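Working notes for the structure below.
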Amino acid sequence: MMSKVSGSTPTRQALLLRESLPFVQALHGQTVVIGFLGDALFDVPTRVRWMQDIALLALLGARPLLVHGAPRMRVGEQESPAAMRAAMSEVNFDLVRLLNREGVRAVGLTGQDARWAQASEQASQGLRESDMSLMTLLQTSGMIPALMACAPDANGHLHPLPPERFAAQVALRLCARSLVLVSEGDLLQQAGVQPGIIDRRALSAWLAVHERDALEPEVCAARDAVDLGVSTVHLVDAAECGGLISELMTNEGVGTVLCRRGRDQMLNDTARYFARSDSVIRPNFVAEHKWVVRF
């Protein structure tokens, strides 16, 4: 249910729903990988809101897939693989419970289940091998995979993996339409990059004047995902209420989008995208309402 905002009316709410139709059509049947990084998912109210967004996305016909890691260990806690796996399992259980409560079906998995994934020799490199047939089977059956970012090595020992790289690799291998990386703040926006759409050349120029060591892992993972073939990568702040729906189903969005297409190609593609809707896209990426007479 859409929450009431100041000045909202039933008519305005109906218009907002209607304006989302082109986005619903574009995402219908498409895989969207959502990766939660750092402590983005471990505030309980934030967790509840985002699971509601993911459930709504699924009920609208998209195929969301969730990836998460473990919360950062507190001072004095033992940051061992076993402790991180236990923390991930606890969070995963609650995520699946919350999703199921919203009327969708979710299943929690590690890379060890059905041996669908194998970790690289260096955990920082993420997955070495993967068989996505299990993910495809679950999605075809109408389920939401909730993946813990861990997988066994060649000897069967389970290792925690960087969730941003794990999510990017899963998105690439599933040919996902979009990868959404959710973290505590949007690093690019914090560094002065305006919200909107950034292509590969613009990102390269930005990286050229910033030290790589100063970048958060999600930015590097996002860039790598774009380089390897994911068409669009969204960086979204976990604190944004309704951030997933706003980013994927509104003209404005709330995060930063990295894409493989340049501005001109993006504009042409978007114009075709809006051709059958009642909106038109302008060169500054602002969508305006238009009157359409259909025969």
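Every read-out reported here was derived from the displayed coordinates using simple, explicitly stated rules and does not represent laboratory data. The structure presented is a predicted model; accordingly, all values stated were derived computationally and were not measured. Here Cβ is always computed from backbone atoms with ideal geometry, including for glycine, and neighbour counts include all displayed protein chains.
What the table shows:
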quantity	calculated
Ascending count of other beta-carbon atoms within 10 Å, so fewest first, for L172, L37	L172, L37
For F93, F36, order by how many other beta-carbon atoms lie within 10 Å, fewest first	F93, F36
Largest to smallest principal axis extent of the C-alpha atoms in region 20-260, angstrom	43, 42, 33
Extension gain from A239 to C175, taking 0.36 nm per residue of separation minus the Cα-Cα distance	20.3 nm
Note, ³J(HN,Hα) from phi for region 171-176, Karplus 6.51, -1.76, 1.60, rounded to Hz, x at Gly and Pro	4, 5, 6, 8, 6, 5
Förster radius 25 Å - calculated FRET efficiency between T9 and Q30 (Cβ-Cβ, nearest 0.05)	0.20
Cα shape, region 52-179, gyration tensor, a/c 1.5 rule	oblate
Contour excess over end-to-end distance, with Cα ends at A86 and T250 and 0.36 nm allotted per residue	55.3 nm
Sites V48 and E121, calculated FRET efficiency, Cβ-Cβ separation with R0 35 Å, nearest 0.05	0.40
Kirkwood Rh, angstrom, region 11-104 [1 / mean 1/r, Cα pairs]	15.1
Footprinting exposure proxy for D227, D237 (fewest neighbouring C-beta atoms within 10 Å first)	D227, D237
